[in-house]
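These notes concern the structure reproduced below.
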Amino acid sequence: MASIVKIAIAQINCTVGDLAGNAAKILEYCERARSAGAGLVLTPELALCGYPPEDLLLRDGFYRDCKAALEGLARKVAGITLVVGHPHQFEGKRHNAASVVRNGRIAGTYHKHSLPNYTVFDEERYFEPGDRACVFTVGETRFGVNICEDTWGSQGPLTTRPRADKVNVGINICADAWEAKAPQAARDAGAQVLLVLNASPYHMRKQESRYDVMRERVSETGMALIYVNMVGGQDELVFDGTSFALDRQGGVTCRLPSFEETLGFVTVVDGEPQRGETAKEEPLEPEVYKALRLGVRDYVGKNGFPGALV
C-alpha cells in the first residue's frame, strides 16, 4: 500500500520581534492546512521571531521569550505535525533551530550546521553550529530537516530522531542545504525526503541558483526535496518566497508564487512529490518591480510609519 502524505508549505511574511503575531499567523496556517487534509506543515527559517533578528539574538531574555512562544504555540497545534524555525538556547549555546511539533508538544529540535558569514549574513556572530541530524515520520514517510546554508556547500550533520514506519524526512535550515554534508547526514539517518527551511533574500536570477544547488543535493542523496522560503521585506532585504519541490530526478513538481504570502500543497507518494500547483516564472522587469514594491511596503508598515512623502 502506498504511503501518502499531503504537505502544506506556509510561505509567510514574518515580522522581526513580533513573537505573538508570528505565532498567531503560524497557528492560522496550521489550522488551514489541517482543514485541507494536510498531515505536515512547513514554515520558513526563524519564522517564529522573523529574519534577521540581528542583535536581539544577543539578549538572553529574547531566547526565553522565544521558548515561551514556541511552547505556547505547541500546546495549540492539534491534528497536524508542524516544523517551525526559531532561535534556541541549549546547554549554554545559541542555535538557529527548527522544531518538530506534534500532539501538543515539541517532539524534536534540529540545530543548523552551516552558518553563513558573508554579505548580509552574520550568523557566526550569534549562533553555534549543530552537529546532528533530525529525522521524523509522518504516516509512513520519514522526513529529514536542513536549514538554508546546510544544503549550499560541503559541511554540516544533524540530530537523529527516527519515528518508525516507512518514509523518512530530514530537516535542513537554509545554508545547511547549500553544502553536501547535512543532507547526507539526514539520508544516512534514514530520511527519504529532505525539508529545507529558508530565509533566502531575493536578487535577480536567484531562483536559478537555488534550483541548481538543490538539484546537486538531490543528485548526491537520492532524496526528494521540499524548499520553503520566507516572503516579505525586512530593512534592506526582500525575501521572495518562490518555494518549490523537487522530485528524485530534480524535476520541479511544485512552485509557489513570488512576493506573496500563500499556503501551497505538495502530495508525497512513497517519498516522491507529485506534480501540483506551479506558478509561472515572470519576466525580469515585473519581478524586480514586485520586489521593490514589497520592500517599500513592508519597510513602512513594519516600522509603523503612517505613510511616506515622495
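Summary table
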read-out: When the convex hull of its Cα atoms is projected in every direction, mean area for the chain (nm²); value: 14.8
read-out: Neighbour-count ranking [beta-carbon atoms within 10 angstrom, fewest first] of Ser219, Ser258; value: Ser219, Ser258
read-out: Relative contact order of the chain, defined on C-alpha pairs under 8 angstrom at six or more residues apart (%); value: 16
read-out: Most mobile of Tyr202, Tyr126, Tyr118 in a GNM of the chain (Cα contacts under 10 Å); value: Tyr118
read-out: Nearest-20 debye value, the chain charge dipole, Cβ charges on Lys, Arg, Asp, Glu; value: 960
read-out: Cα-based convex hull volume of region 238-294 per residue, rounded to whole Å³; value: 81
read-out: Beta bridges per DSSP with both ends in the chain, % antiparallel, nearest 5; value: 60
read-out: Sorted by Cβ neighbour density within 10 Å, fewest at the top, the residues Phe136, Phe62, Phe305; value: Phe305, Phe62, Phe136
read-out: Ordering of 31-38, 186-193, 210-217 by burial proxy (mean other Cβ atoms within 10 Å per residue, highest first); value: 186-193, 210-217, 31-38
read-out: Computed E for Arg293/Asp188 - FRET, C-beta separation, R0 45 angstrom, nearest 0.05; value: 0.55
read-out: Region 228-298: GluC sites (Glu not before Pro) in DSSP loop, at most 11 other beta carbons within 10 Å; value: Glu236
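Coordinate-derived values only; no laboratory data. It should be emphasised that the depicted structure is a prediction, and the values quoted were computed from it without experimental measurement. Counting neighbours? That spans all protein chains shown, and the Cβs are built from the backbone with ideal geometry, glycine included.
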